[in-house]
1. Do you know which residues across segment 211-229 are assigned to a helix (DSSP H, G or I) and at pLDDT 95 or above?
2. Which count do you get for residues in segment 136-160 that are surrounded by fewer than 21 Cβ atoms within 10 Å (Cβ to Cβ), in a helix (DSSP H, G or I) and touching a strand residue (DSSP E or B) at 6+ places or on another chain (Cβ under 8 Å)?
3. Filter segment 187-210 down to residues that are at pLDDT 90 or above, assigned to a loop (DSSP other than H, G, I, E, B) and surrounded by 12 or more Cβ atoms within 10 Å (Cβ to Cβ), then give me how many there are.
4. Which count do you get for residues in segment 409-444 that are under 21 Å from residue 69 (Cβ atoms) and buried (at least 24 other Cβ atoms within 10 Å of the Cβ)?
5. Here are some residues: 170, 182. Which one is surrounded by 18 or more Cβ atoms within 10 Å (Cβ to Cβ), in contact (Cβ under 8 Å) with a residue 60 or more places away in the chain and over 26 Å from the mean Cα position of the chain (by Cα)?
6. For the subset of segment 24-38 comprising residues that are within 26 Å of the chain's Cα centre (by Cα) and surrounded by 22 or more Cβ atoms within 10 Å (Cβ to Cβ), which member is farthest from residue 459 (Cα to Cα)?
7. Take segment 404-437 and flag every residue that is part of a loop (DSSP other than H, G, I, E, B), out of contact with any helix residue (DSSP H, G or I) (no Cβ under 9 Å at 6 or more places or on another chain) and either assigned by TED's automatic domain parsing to the domain that holds residue 287 or at negative phi (or both).
8. What's the total number of residues in segment 330-352 that are out of contact with any helix residue (DSSP H, G or I) (no Cβ under 8 Å at 6 or more places or on another chain), crowded, with 17+ Cβ neighbours inside 10 Å and not in a helix (DSSP H, G or I)?
């Protein structure tokens, strides 16, 4: 096979494939030419080119989320690497094993006024599990060293708490040389810890079960997680034992027996009711909560015990009352304990369930009185989604409003809640759509969508991708916060109104454009959106600013 003549690069590419990589996202450049050639010519890999590195990083994140496999993202030297950093930070907090490969000048040319040279070694250290610097020469000892480093890097990304790693690859000119290089039997080092999740020892299981059973009132609170059918089933079984399970929709752990709207639930608890809803034992799972009311409730009203379940690299004490850090995945923890747990006090469970039903009933009664706006539009979208779909919620209003309405089976929720930034929601959805057969729906605010418009600058848009933009002419969420509306800078410095014509943006990238300006036109547009079979679609939901 004719490929790059850089032996170190060939080792890197062969080991990536051996460790389970199937998808590679490349951004064009000169210094990374050996990497691009070697990945493109390696059988069994799918390579996709995304020009903008910031978009490429989030695109790779979307592919990794859809496939549940490590994904390689390759960039050239210089600031290209820094452009990957927002996506790498998001992947770090979402526990997604991106394999970041950056081409670089040889070390002796850094800080020597050579073009496209910056200090790349360790540049992503705060957002990766580990950083690696490969040797720049191809002698036998350097190749052995490279093999060892790459094996270590790929095992590190995939074992324990999964996370991105960064491999910096110094490359000596000339960069475009080729040679005949048959597939070598590169040494592959395996990690046993990567093959099986950790379990608690039997004495610990007994101790936690005993402490659980002593608590009269138990609540499980679930933040953002990727879908896990076994965990979802276990949470439903816990509800059957009168454990109050409160789960955000983006936890993908909801069922008919769980309380699926933490923000609605905790914000409705009056001062007189507070004592009745404080659990003896609070168990948290998953990532960051969207619900601010839940965080405020538990920071002010602390349970006697708070366990956080999950493999983490640090102690997570969101509510300032943590008592136990349990280093095991939630599904494993509950599977080990479920058979030993007793049924809880039904009064606590029934009170919480009744309160949630009352809240939802009032919402249903008031909904017909609502005027056209973001809530009405999002409700209509959720009611008209296909039976099986991946729904991506951008940060801001979308992720908050998108969780207010009744939960539905077979919707897989996604949101970039690792860092909760607006940069990259569209690129993540686009990347996800190329790696799944199911429809991928993005619900985004207009500012978030425009911020990441380069997500559409690639050759991989398909009819599976449905983008719904809440176009209220600016950052509408700032109108809902306590402070900004009182400031004279509100419009120019917070809402940042725009005059972008989304129809022209859609045309520029070959997307079908639809528009809605009231509930009737939205319902018609949604029908057309989900019946489109030829091209990616953008639905512009126009909401007049007050």
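The values are calculated or read from the model by the stated rules, or taken from the named source; none is laboratory data. Predicted model only: the values in this text are computed from it and were never measured. Please note: Cβ atoms are built from the backbone with ideal geometry, for glycine as well, and neighbour counts cover all protein chains shown.
1. Residues satisfying the conditions are 211, 212, 213, 214.
2. Residues flagged as surrounded by fewer than 21 Cβ atoms within 10 Å (Cβ to Cβ), in a helix (DSSP H, G or I) and touching a strand residue (DSSP E or B) at 6+ places or on another chain (Cβ under 8 Å) within segment 136-160 amount to 3.
3. Keep residues of segment 187-210 that are at pLDDT 90 or above, which gives 187-189, 200-210.
After this cut, where a residue has to be assigned to a loop (DSSP other than H, G, I, E, B) as well, the list is 187-189, 200-201.
From what is left, the residues that are surrounded by 12 or more Cβ atoms within 10 Å (Cβ to Cβ) are 187-189, 200.
Qualifying residue count, segment 187-210: 4.
4. Result for segment 409-444: 12.
5. 170
6. Pass one, segment 24-38, residues within 26 Å of the chain's Cα centre (by Cα): 24-28.
Keeping just the survivors that are surrounded by 22 or more Cβ atoms within 10 Å (Cβ to Cβ) gives 24-27.
Working: 24: 15, 25: 12, 26: 13, 27: 13 Å.
The residue in question is 24.
7. 409, 437
8. 1
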